[in-house]
1. Going highest first, how would you order 83-91, 290-298 by mean Cβ packing within 10 Å?
2. Under 19 Å from the 7 Å Cα→Cβ point of residue 178, by amide nitrogen: which residues of region 23-49?
3. Using only Cα atoms and rounding to the nearest 10 degrees, what angle (0 to 90) does helix 171-190 make with the longest principal axis of the chain?
4. Near residue 3, which aspartates and glutamates are there with a Cα under 20 Å away, not counting those fewer than 8 places off in the same chain?
5. Got a sec to turn the phi values of region 237-247 into Karplus ³J(HN,Hα) couplings, 6.51 cos²θ - 1.76 cosθ + 1.60 with θ = phi - 60°, whole Hz, x for Gly and Pro?
6. Please report the antiparallel percentage of DSSP beta bridges with both residues in the chain, rounded to the nearest 5.
7. If Rh is defined by the Kirkwood formula over all Cα pairs and Rg also comes from Cα, what ratio Rg/Rh do you get for the chain?
8. Given contacts defined as C-alpha pairs under 8 Å and at least six residues apart, what's the relative contact order of the chain, whole-number percent?
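Read-outs: derived from the displayed coordinates by stated rules, not from any lab. Predicted model only: the values in this text are computed from it and were never measured. Glycine gets a Cβ as well: all are built from the backbone with ideal geometry, and neighbour counts include every protein chain shown.
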Amino acid sequence: MSKRSVDRRRDDALARVIAVVNDKGGVGKTSVAANLAGQFAGAGYRCLLIDLNRQANLADDLGFRATAVDDLGAGLLGSVIAGTPLEPAADVRPHLDVVCGGARLEDLTPVMVSRLQHHGRGAFRVLGDVLAPVAANYDLVFVDCPPESTILTDLALAAARWVLMPTRSDVGGLVGMTLVADRFALAREINPGLRLLGVVLFGTGTRSSAVHGEARATVEKAFGARSPWFETTIRHAERTAQDARRLGKLAHELEIEAAAQPAWWEALRMDVKAPRLSPTAAGVAGDYRALGVEVLTALHGAEQAGPAPAANRLRRGTPWQGPRAGALPH
Ligand SMILES: Nc1ncnc2c1ncn2[C@@H]1O[C@H](COP(=O)(O)OP(=O)(O)OP(=O)(O)O)[C@@H](O)[C@H]1O
Ligand SMILES: [Mg+2]
């Protein structure tokens, strides 16, 4: 096969790889990646989550920390070193597979530093190379990126077609976005198809148009005018966030459990000791559903405008379905 058709196949396979990026910590990268992938998987889309974080919060949010699934990032490290296809852990939820992060990713940075010295920035293509053979098995792939780590973020940006950027509306979140814009521009030198899917305001307690306007102005300064922006914001909900990480459950899963718990007076009468789940989970799950619909709409629009990825045409027999809002789990 010619190099051109090998590259085309690789590009097709990676057409729905979404890097969830912001240089600033604590702006919702992991929460957004986990909840979107979880909701899409619940709706029947085959999803893969890749964790590039040493602290591996995805393992907490999905509840597989210290289980047999949790290889601490050893599989990802091994694939990059050997150049062999990633081997995701299957079915952390129905239709949802993961490539774990964790402490073993410490060793990825020195490996990449050495490769960069020998091969230049093209070395960053390695994540895409080991992902492409398996990416074609999935409808959507999300890469949860770490904060403040240029090498791991550069790996993700070289593999992804899309960047989804959560931000908080404070100064730190906005500065983090500007730093990503620089890395985004560099990544496009080796991955010219990379595009901004959209920015989403996370953990916001305000609907103030001044706050939103300032965030939007920062995005446009960093990524250019008419930068895509999600209308949906993810509301500030501390108790739901704590329930999620403590129990290893996603917002829509907590929503179901919160609705099923007995009324507080019945719980009192029955002497139920377990802490009560916050009913706010329903609102947060609704935010992620609305964001999911926007993400699908944006992808669908882009794929209608350009040629459909050959890999998906072949695999599915039908073109990409487009948004199926009603199918996202309630
Ligand atoms: N809707 C929410 N409202 C308020 N806090 C939230 C919400 N969802 C999650 N959180 C909390 O916000 C914090 C940051 O979230 P998250 O871990 O998703 O951010 P991150 O960008 O991935 O952080 P890091 O850069 O450290 O990986 C966590 O403590 C999480 O529990
Ligand atoms: Mg994170």
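1. Working: 83-91: 14.8, 290-298: 21.2.
For the peptides 83-91, 290-298, the packing ranking is 290-298, 83-91.
2. Only 23-27 pass the distance filter.
3. 30 degrees
4. Straight-line reach from residue 3, under 20 Å: 11, 12, 129, 189.
5. Couplings: 8, 5, 5, 5, 4, 5, 4, 4, 6, 5, 9 Hz.
6. 5 percent
7. On the way: Rg = 19.6 Å, Rh = 20.3 Å.
For the chain, the value is 0.97.
8. Value for the chain: 23 percent.
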